[in-house]
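See below for the structure under consideration.
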Amino acid sequence: MSIEQQLKDEFEENTKNMVCPPSIDLRVMNVYRKQMLEKKGEQPMRRRWKWSKAVMVILLIAVVSGFAYAGRTLLFEETKGNMTMSAVTLEDVKLSKTQLESIRLARNEVKAQLNPGESAVVYLTDLDNVKSLPFILVSQPEVNEDLDTWRKVLTDRHFDVLPPASLLGTYRFAGGMELSPFGFYVGSETDITALMEELKAESEETGKDFTWRKTPVPTSFPLLTYTSVYRNSDQETMYLVMETAPDSTVKLQMVAPSSAKYEEMNLNGHTAHYFKKDSYIYTDSQFYQEISWMLEKEGQAIIYRLGSDSTAMTKEQLMEAARSL
């Protein structure tokens, strides 16, 4: 057996029942469903997925880049109830300042052309040498700006922690959204490969630095994500993200570059995980730090993530905000 086949077999075994959530470093998702083919030789059934109790959502890096998992380091793995959360670093996820600036400009230009509720996939020629990042996601989520209405949405979803009016006294509630603010894309392996070939061909034909396509937001998904957004007077942002899977057993994995800083912390008696990343592609500051923790209620787990794009915010301030929740 070749080394390529061994790596492929090992990857497929390790990624069973895994979900890669929208709130990860690369923010890239791919749904791999054996039920996509009703019988051998048929074309994939678009947007007719049937979710099972055991769901597998794998990173596109594994599909497109030939299982580029060399240099992977497991930082932690934690299981509560029906959910498992883990994080790994990849040594080949390295971006230059030029690439980060290209991503920022392309992301903002595309976002300005999206209507509320729309999302898009963007291909950049500047990322051709980064196999683990074949494209980036851009979204323009619909935002609920009324705090009372947003709290009712979360109460109806049986969340015990409700978003406060402010965090740290200076970050005010700016809105809530029923998706990740960083982008969301679900598609079959065949759809993704074809889309990448189409965007790359268009870029080569037109000479454009980046090309993009709008993508449909899924109407159903086993991992439910709710994001509360807070901003201060300097327009620095904090994100309170809640993730749950009421009808599924799932595994979620965060992928980060090897330069990311990680620390396990104690949050009011619960294990918490702190990350800091200085080459983040989904904030204009290119910086992001986050504290995440899991709680369980009657066999159902909820993952909470509190993050900020402010380089001025300290780890201690972020922990103080998390404790206040």
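So, by mean Cβ neighbours within 10 angstrom, what's the order for 115-121, 209-215 with the highest one leading? Walk me through the numbers before you get to the answer.
Numbers: 115-121: 16.4, 209-215: 18.3.
In descending order of packing, they fall as 209-215, 115-121.
How would you order 151-159, 249-257, 137-145 from highest to lowest mean count of nearby Cβ atoms within 10 Å?
The peptides rank, most packed first, as 249-257, 137-145, 151-159.
Can you sort D284, D278 from fewest to most other Cβ atoms within 10 Å of each residue's own Cβ?
Placing the least packed residue first, the sequence is D284, D278.
Values in this text are rule-based calculations from the coordinates and carry no lab data. Computed from a predicted model, the values in this text were never measured in an experiment. Glycine also receives a Cβ, built like all others from the backbone with ideal geometry; neighbour counts cover every protein chain displayed.
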